[in-house]
Amino acid sequence: MALNVKVITPGKTVWDDNVEEIILPSTTGQLGILGGHAPLLTALEVGVMRVRPSKEWKNIAVMGGFAEVENDEIKILVNGAELGDDIDQEAARSAYQEAQTRFQKVENSEDRQEKIQAETSMKKARARFQASGGTV
């Protein structure tokens, strides 16, 4: 049973197609959705969302938001999203390494805001790198 999935950011629709299965990075862990799923509203973490339109899985980096499941339609509203196939893996690896270095420098800092910003940047860079096919 096909699911209609829409991934919407403030600037554009990143995905609008039918899939057989989807895995969401919810705030409580990975959440798999198949056809006939019960209605659901969940918050999403910064992470990698996976969709399976046919036999091959596709990765989408999502930058936090919400997902609503109802009647085999999944609406995903996120702050940002990018198809894994559109991400340059080497550039994403470099950005992730830089973000890790920055986070390690401020990890024991007294400046709470700086730590939160560094951690958020690292999570976003990791999501982009993983969506491009990189492993952490």
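A few points about this structure:
- In region 125-136, the residue that is nearest to residue 60 (Cα to Cα) out of those that are in a helix (DSSP H, G or I) and either among the basic types (Lys, Arg) or at pLDDT below 95 (or both) is 128.
For (1) open to solvent by 80 Å² or more (accessible area, probe 1.4 Å); (2) of a type outside the set (Ser, Thr, Tyr); (3) not in a helix (DSSP H, G or I), each residue gets a yes or a no:
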residue: 104; (1), (2), (3): yes, yes, no
residue: 110; (1), (2), (3): yes, yes, yes
residue: 120; (1), (2), (3): no, no, no
residue: 123; (1), (2), (3): no, yes, no
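- Residues in region 12-30 that are in contact (Cβ under 8 Å) with a residue 24 or more places away in the chain, touching a Ser or Thr at 6+ places or on another chain (Cβ under 9 Å) and more than 20 Å from residue 87 (Cα to Cα) were compared, and the one that is surrounded by the fewest Cβ atoms within 10 Å (Cβ to Cβ) is 20.
- All positions within region 43-86 that are under 14 Å from residue 133 (Cα atoms) and among the small types (Gly, Ala, Ser): 47, 61, 84
- Yes/no for residue 98 being open to solvent by 70 Å² or more (accessible area, probe 1.4 Å), assigned to a helix (DSSP H, G or I), on the phi < 0 side of the Ramachandran plot and in contact with a helix residue (DSSP H, G or I) (Cβ under 7 Å, 6 or more places away or on another chain): no
The values are calculated or read from the model by the stated rules, or taken from the named source; none is laboratory data. Predicted, not measured: the structure shown is a model, and the values here were computed from it. Quick reminder, even Gly has a Cβ in these numbers, built from the backbone with ideal geometry, and neighbours come from all protein chains shown. Side chains are part of the model used for accessible areas, which takes the heavy atoms of the whole protein and leaves out ligands, DNA and RNA. Shrake-Rupley method; radii C 1.70, N 1.55, O 1.52, S 1.80 Å.
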